[in-house]
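Structure first, then comments.
The values are calculated or read from the model by the stated rules, or taken from the named source; none is laboratory data. Keep in mind the model is a prediction, meaning the values are calculated, not measured. Glycine gets a Cβ as well: all are built from the backbone with ideal geometry, and neighbour counts include every protein chain shown. With ligands, DNA and RNA removed, areas are computed over all heavy atoms of the protein, side chains included. Shrake-Rupley method; radii C 1.70, N 1.55, O 1.52, S 1.80 Å.
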Number of protein chains: 2
Amino acid sequence: MAESERSGRLAMAMKEQQRGDVYAPECPSRGVLDHVTSRWGVLVLVALLEGTHRFSSLRRKVAGVSEKMLSQTLQALEQDGFVLREAYPVIPPRVDYSLTPMGREVATRVEELAEWIEENLPRIMVAREQHSTRRRSS
Amino acid sequence: MAESERSGRLAMAMKEQQRGDVYAPECPSRGVLDHVTSRWGVLVLVALLEGTHRFSSLRRKVAGVSEKMLSQTLQALEQDGFVLREAYPVIPPRVDYSLTPMGREVATRVEELAEWIEENLPRIMVAREQHSTRRRSS
DNA sequence: CGGTATCCTCGCCGATACTG
DNA sequence: CAGTATCGGCGAGGATACCG
């Protein structure tokens, strides 16, 4: 490529907190992308787009997730500033999870992706059959 | 045979369903979502949005991916009808990968997500710092 | 209720070697 | 050049038990 001072520019970009680059393996954006697109991260973000949920409510909505993974996923999303965790010191304990304004922005994009897949699943299933049929005829 | 009969009825039921549900653990849309949002799937889709790439070209663009994972990722995306694989019987071998029309639709949504993260990485990094300092003050 | 701690397994994934 | 085959680690993630 044209730029010969690649490592220099990268270090500068990190220090100045410039735009990320998901193609750079060491860029923090990779980690954020991994959190957001993780198996449970996607579902949690879309679920919270509906509104505030409690832990157990989320667990029911996101069917199949274990307590551990839900907890880890929420912690990662909270660290990145996408999820707000509000714990009330009552008995029994109550914790509410909701999206931050930034979380709503990213979750909207995730939802658009998820909805496209849901709506176009029939086309995908047809493509899968055509793909396996093609193996026999070739 | 019995197996093809059964899978046929399953595919038929899927087509009749008209829409997937990512919250249903057994719905095929979960698998599609996993392919699309997988570590390398995201990067491959966005890379192919630029245009046709050869195997080695993709490997260079998607820095850090191994031959095996790139191959597996491409096969999964090809099966789902997102990627078109064209092999030419020449020496040395040449294989071109490109997006199908359906692939372009899904890749566009993935790219919007990736770009949002790249552009807003500074905000996220700030949120991370605020999160770690908040632990002490509360 | 809303977690954490611990153990353990499965399969993802990288490394290496080999093929058309 | 564009893969496949095979092995092995190691970490994601489930199961279980326990705590505030």
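Counting Lys and Arg as +1 and Asp and Glu as -1, what is the net charge of the other residues whose Cβ lies under 10 Å from the Cβ of B:Leu43? Kindly include the intermediate steps, with their values, before the conclusion.
Numbers: positive: A:Arg30, B:Arg39, B:Lys61; negative: none.
Charge balance near B:Leu43 sits at +3.
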Checklist outcome for this item: The local net charge around B:Glu119, scoring Lys/Arg +1 and Asp/Glu -1 for residues other than B:Glu119 whose Cβ lies under 13 Å from its Cβ, equals -3
Item to check | Separation of alpha-carbon centers, region A:63-103 and region B:37-65, rounded to whole Å | outcome: 33 Å
Checklist outcome for this item: Note on region B:106-132: residues buried by at least 50 Å² of accessible area once partner chains are added (vs chain on its own, 1.4 Å probe) come out as B:Arg109, B:Leu113, B:Trp116, B:Ile117, B:Glu118, B:Leu121, B:Arg123, B:Ile124, B:Arg128, B:His131
Checklist outcome for this item: iface B-A | buried accessible area, total | probe 1.4 Å | Å², round 100 | 5300 Å²
Checklist outcome for this item: Carbon plus sulfur, as percent of the 1.4 Å-probe accessible area of region A:26-109, comes to 52 percent
Checklist entry - From the residues A:Pro28, A:Gln79, A:Leu43, which one has its Cα farthest along the dipole of region A:26-109 in the positive direction, the dipole being from +1 and -1 charges on Cβ of Lys/Arg and Asp/Glu about the Cα centre? => result A:Leu43
Next on the checklist: Quick check for me: using +1 on Lys/Arg Cβ and -1 on Asp/Glu Cβ, what's the dipole size of region A:89-138 about its Cα centre, in debye to the nearest 20?
Outcome noted: 460 debye
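Could you list the GluC sites (Glu not before Pro) in region B:47-86 that lie in coil according to DSSP, counting only those with at most 14 other Cβ atoms within 10 Å of their Cβ? List each step's numbers first, then the result.
Working: sites: B:Glu50, B:Glu67, B:Glu78, B:Glu86; in loops: B:Glu50.
Sites meeting the loop and neighbour criteria: B:Glu50.
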Checklist entry - Around A:Lys68, what is the net charge, scoring Lys/Arg as +1 and Asp/Glu as -1 over all other residues with Cβ under 14 Å from its Cβ? => result +1
